[in-house]
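This report refers to the structure that appears directly beneath it.
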Amino acid sequence: MKHILRDNALEAWAMAIKYRNYILAGKATLQYRKQFVSSLHNAVELFVKQLMLDNNDHRVCRVKNIKDPEGHPLVDFFDADDLNYFFEHIPDDEMRQFYSVEYNQIRELTKELFKEYYGEHQKDKNIVDQALLLLGRLRNDEAHFYIGKIGFLVDIEFEKLHNFMIVFGRILHYYSLLPYWGEEFGEFVRYKLKNKELKSFSYKKAVVQSEFYQKLKGLINGHAVPEHGDTTYDYAECIYWQFDDKEIDFGDLWTCIEMAVQYDLLEYDEIVEEYDEPEMGAGANRYRTIYLK
């Protein structure tokens, strides 16, 4: 059987894992949190729809605007005994009449679709139910309404979605929705999940404990850099050009400084060096001695 949605679902799943790993490594910018939520939401939708196609579950789609007097393609859809094959070979003009099941319906359908798995793993049902509800709300806010830079996907919400991914990974294996079985290998390594559940996740703690933060702390603490603006980008730019170690990626540096400022981990002393030169006149050079806590 060809799983027609699997490639798309796997890409979304890989992206969710990628951004989850960024956040675990202390890179909890709004951009990465948005990408994490969007990718995970997309992966869940696609994998559940793939399971419905594999089960020949016709609730996966509805048909609108049927103009054919004999009811095609609706009749063909309900007559199909292999929905993967049906949608792989349907003409484009007919495909436009199909609308796939929406997320809120998917959330309810999982109670039935995952029934066999829940029979063997009863405690996981509550984890999935809560996470899918949370994921739907976050995705709606992120895509269609207001989100705050600080308040979107707070620590405990990330913890819930992280732990949900571990459970969902087991569900994907249970229903053979992944292209491999057991330990990830070769090209499938990017789908590898750290299977340790989080108990009390903290963005601030993740930043402080990150390898990059500790390296940067050793490089910059006590060093004076020219004062140049008050944004996190300005701080990062001044720091970047003061050091010869260009192995540090500027994007990673900027992200780290942004996180340090957000969680009150960066402080500095101002240094003013006044001068009065015959050729230049009077003025002052301003510096900051930066410290990471």
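All of the numbers you see were taken from the coordinates with simple rules; none came from a lab. Computed from a predicted structure; not experimentally measured. Because the Cβ atoms are built from the backbone with ideal geometry, glycine has one as well, and the counts that use them run over all protein chains shown.
Within segment 169-225, which trypsin sites (Lys or Arg not before Pro) sit in a loop by DSSP and count at most 16 neighbouring Cβ atoms inside 10 Å? Working shown, then result.
Working: sites: 170, 190, 192, 194, 196, 199, 204, 205, 215, 217; in loops: 192, 194, 196, 199.
Of the trypsin sites (Lys or Arg not before Pro), the ones in loops of segment 169-225 whose Cβ has at most 16 other Cβ atoms within 10 Å are 192, 194, 196, 199.
Can you check how the C-alpha radius of gyration of segment 6-200 compares to 2.2 N^0.38 Å, as a plain ratio? Walk me through the intermediate numbers first.
Values: Rg = 18.1 Å, N = 195, 2.2 N^0.38 = 16.3 Å.
In units of the globular-protein estimate, segment 6-200 measures up at 1.11.
Amide H to amide H under 5 Å from residue 271: which residues, 5+ apart in sequence or cross-chain, H placed 1.01 Å off N in plane?
287, 288, 289
Determine the equivalent ellipsoid of segment 114-196 by diagonalising the alpha-carbon gyration tensor, then write out the semi-axes as square roots of 5 times the eigenvalues, largest first, rounded to whole Å. Walk me through the intermediate numbers first.
Details: eigenvalues 139, 58, 26 Å².
Three semi-axes, in Å: 26, 17, 11.
Just flag the GluC sites (Glu not before Pro) in segment 126-226 sitting in loop per DSSP whose Cβ has no more than 16 other Cβ atoms within 10 Å. Intermediate results must be reported in sequence, preceding the final value.
Working: sites: 142, 157, 159, 183, 184, 187, 197, 211; in loops: 183, 184, 197.
Filter output for segment 126-226: 183, 184, 197.
Ignoring everything except DSSP H segments at least 4 long, calculate the 222 nm mean residue ellipticity for the chain; use -39,500 (n - 2.57) per segment, divide by total residues, nearest 500.
The helix-only estimate for the chain comes to -17000 deg cm²/dmol at 222 nm.
On a straight-distance basis, which lysines could pair with residue 115 in a cross-link, Cα separation under 23 angstrom, same-chain partners fewer than 8 positions away excluded?
Hits, sequence-local ones excluded: 49, 123, 125, 160.
Rounded, prolate or oblate: which one fits segment 206-292, using the alpha carbon gyration tensor with axes a ≥ b ≥ c (rounded when a/c is under 1.5, else prolate when a/b beats b/c, else oblate)? If you can, show how the numbers build up before the last one.
On the way: a/c = 2.56, a/b = 2.13, b/c = 1.20.
Prolate shape, in that a/c is at least 1.5 and a/b is the bigger ratio.
Regarding segment 1-79, what is the average projected area of its C-alpha convex hull, in nm²?
Values: hull surface 27.6 nm².
Answer in nm², one decimal: 6.9.
Roughly how many debye, to the nearest 20, is the charge dipole of segment 6-200 about its Cα centre, given +1 on each Lys and Arg Cβ, -1 on each Asp and Glu Cβ, and no other charges? Mind dumping the intermediate values first?
Working: 27 positive and 31 negative charges, 282 e Å.
Its charge dipole is roughly 1360 debye.
Mind listing the Cα extents of segment 167-241 along all three principal axes, in Å, largest one first?
Cα spread of segment 167-241 along its principal axes, largest to smallest: 58, 30, 22 Å.
Using packing as a proxy for protection, rank 8-15, 147-154 so that the peptide with the highest average count of other Cβ atoms within 10 Å comes first.
Top of the packing list down: 8-15, 147-154.
Kirkwood hydrodynamic radius for segment 73-128: how many Å is it when counted over pairs of different Cα atoms? Don't jump to the answer; show the numbers that get you there.
Values: mean 1/r = 0.0727 Å⁻¹.
Computed over segment 73-128, the radius equals 13.8 Å.
What translational D, rounded to a whole number of µm²/s, comes out for segment 113-269 from Stokes-Einstein when the hydrodynamic radius is the Kirkwood one over Cα pairs, at 20 °C and 1.002 mPa s? Intermediate values should be presented prior to the final figure.
Numbers: Rh = 19.0 Å.
In µm²/s, the coefficient rounds to 113.
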